[in-house]
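Visitor: I have a structure here, written as structure tokens, and I will follow up with some questions on it.
Just so it is clear, none of the values below were taken in a lab; they were calculated from the coordinates. This is a predicted model, so every value here is computed, not measured. We place every Cβ from the backbone using ideal geometry, glycine too, and count neighbours over all the protein chains shown.
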Amino acid sequence: MAILSGKTKAALLGPLNKDNPVIVQVLGICSALAVTAKLEPAIVMAIAVTVVVALANVIISLLRKLIPTRVRMIVQLMVAATLVAIVSELLKAYAFDVNRQLSVFVGLIVSNCILMGRMEAFALGNGPWPSFLDGIGNGLGYGWILVVLGFVRELFGSGTLLGYQIIPQIFYDAGYQNNGFMSLAPMAILLTGVIIWIHRARNKDLQETE
Amino acid sequence: MEAINLIIRSIFIENMIFAYFLGMCAVLAVSKDFKASIGLGLATLFVMVITVSINYIVVTYVLKEGALSWLGEEFASVNLSVFSLHIFVAVTASFVQVVEMIVEKYAPRLYNQLGIFLPLMAVNCAVVAGSLFMEQREFANIGIAAAYAFGSGVGWMLAIAVMASIREKLQYSHVPKPLKGLGITFIITALVGIGFMSFSGISI
């Protein structure tokens, strides 16, 4: 396929594994962890971040020859803030409950390091189409971590997925109990640590030597 | 009295790092060395108190619904809170820029010590979150808002200092290879976070 060859393919698929923004580049941790107590807000957050990063990348990439280097941070922040404000208003209009669960974390997409990092590192030096794919790739790379966390935490924390009961009543009758600990914030970060552990055990070249 | 309660709450119970995990990026990057982490903590505290106060004034007199009524009757129904994010980011970024220039001019030694951390403050999640929480909670006056920012800033500084001192000790321990560096830092943060949760039973 001509549209997905070489560099563009790397831009799209790299962030899913070896260049994952969350567990390898350690960007965007701030908002990743607080929204994953349930699966639904995690999915919404993943979609929101993917959309914002992809669009912001395209806009910055289109403007990259017009922006003077000295003021590029302000321009990037303004583009990001505008997109985030639009996403936030859309969520308020069409998914009010989820928006309330996400609280300030929708707004915090603006200071999400993934967003700034991709605009600075990729969109400023590449055309709109690779930038768009790079944004999608990074958004999805961030998204799958969020979805895994949300899945594990909701399943073990409250026995449900997307609000539907998954663990059958028989289990509870037999003495099974939900692990309320999973719903608490520190478990998100502990699970991320475990994901990093597994990921690095499989990819030996990512291990830190020091 | 309310302000003191709020400060204690935001340092321990609602700690920016251990309860909300905000500003983690900076913590993971900087908390390898105790001195640098204190410097960054102080700078964050300062920026946080000032920007939250400025943003409080802007929110109360310009952005909130009905906030523009001092301009005249016809403005009483204007609600500009859609733009709050733009304002917060712009205020934070420009204030960080100003602080950077002042520190560079009058305290070059401190400037060299802080290095890259100063400009990075503009995208520190904890600082922006301070303003967003301030808007969400609708504090009664600017003193309370500043007290909240102060408490959050001190809490953030405390947290990054704790993480840095644990990580300095950690250099002498045998960590499984895949867990080295990033992985173990995450797990330690989680464990300290669990410790901090014991504060949540306290009511003040």
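Visitor: Compute the projected area of the convex hull of the Cα atoms of segment A:52-169, averaged over all viewing directions, and report it in nm² to one decimal place. Present the calculation step by step, with values, prior to reporting the outcome.
Guide: Numbers: hull surface 33.1 nm².
The Cα convex hull of segment A:52-169, projected and averaged over all directions, gives 8.3 nm².
Visitor: Now a separate question. Give me the inter-chain shielding for B:124-135: mean count of other chain Cβ atoms within 10 Å, whole number please. Don't skip to the answer; put the middle values down first.
Guide: Numbers: counts 3, 11, 3, 1, 7, 8, 1, 2, 8, 3, 1, 2.
For this peptide, the per-residue mean of nearby foreign Cβ atoms is 4.
Visitor: To continue, here is another question. Add +1 for every Lys or Arg and -1 for every Asp or Glu among the other residues with Cβ under 15 Å from the Cβ of A:LEU90, and state the total.
Guide: Local charge sum for A:LEU90: 0.
Visitor: Along its three principal axes, how long is the protein assembly as shown when you only count alpha carbons? Whole Å, largest extent first please.
Guide: Reported extents, whole Å, longest axis first: 65, 60, 50.
Visitor: Still on this structure, please answer the following. If you take the C-alpha gyration tensor of chain A, multiply each eigenvalue by 5 and take the square root, what semi-axes do you get, largest first, in whole Å?
Guide: Three semi-axes, in Å: 33, 21, 14.
Visitor: Further question on the same structure: Going highest first, how would you order B:33-40, B:15-22, A:191-198, B:183-190 by mean Cβ packing within 10 Å?
Guide: B:15-22, B:183-190, A:191-198, B:33-40
Visitor: When the helices in chain A are scored as -39500 (n - 2.57) per DSSP H run of 4 or longer and the sum is shared across all residues, what 222 nm value do you end up with, to the nearest 500 deg cm²/dmol?
Guide: It comes out at -20500 deg cm²/dmol, rounded to the nearest 500.
Visitor: For chain B, what does the convex hull of the Cα positions come to per residue, in cubic angstrom? Walk me through the intermediate numbers first.
Guide: On the way: hull volume 27.5 nm³, N = 204.
Per residue, the Cα convex hull of chain B comes to 135 Å³.
Visitor: Averaged over peptide B:169-181, how many Cβ atoms belonging to another chain are found within 10 Å of each residue's Cβ?
Guide: What the average comes to for B:169-181 is 4.
Visitor: Still on this structure, please answer the following. Can you compute the helix-only [θ] at 222 nm over chain B? Use -39500 (n - 2.57) per DSSP H run of at least 4 residues, normalise by all residues, nearest 500 deg cm²/dmol.
Guide: Estimated from H runs of four or more residues: -21000 deg cm²/dmol.
Visitor: How high is the relative contact order of segment B:2-201, in percent, with contacts defined as C-alpha pairs under 8 Å that are six or more residues apart? Write down the numbers at each step before the final one.
Guide: Values: 240 pairs, mean separation 84.8, N = 200.
Over segment B:2-201, the number comes to 42 percent.
Visitor: Could I ask something else about it? Give me the net charge of B:LYS32's neighbourhood, meaning all other residues with Cβ under 9 Å from the Cβ of B:LYS32; Lys, Arg count +1, Asp, Glu -1.
Guide: -1
Visitor: For segment B:97-204, run through the GluC sites (Glu not before Pro) and keep only the ones in DSSP coil with at most 16 other Cβ atoms within 10 Å of their Cβ.
Guide: Qualifying residues, ordered by number: B:GLU138.
Visitor: Now, a different point. Given Cα positions, please report Rg to Rh for segment A:125-186, the hydrodynamic radius being the Kirkwood one.
Guide: Result: Rg/Rh = 1.28.
Visitor: Need one word for segment A:169-210: rounded, prolate or oblate. Basis is the Cα gyration tensor (sqrt eigenvalues a ≥ b ≥ c); a/c below 1.5 gives rounded, then a/b vs b/c decides.
Guide: It comes out prolate by the Cα gyration axes.
Visitor: Using a cut-off of 14 Å between beta-carbons, work out the net charge of the residues near A:ARG118 (Lys and Arg +1, Asp and Glu -1, A:ARG118 not included).
Guide: Summing Lys and Arg as +1 and Asp and Glu as -1 gives -1.
Visitor: Next question. With a Förster radius of 41 Å, plug the Cβ-Cβ distance of B:GLU65 and A:GLN165 into 1/(1 + (r/R0)^6) and report the FRET value to the nearest 0.05.
Guide: 0.50
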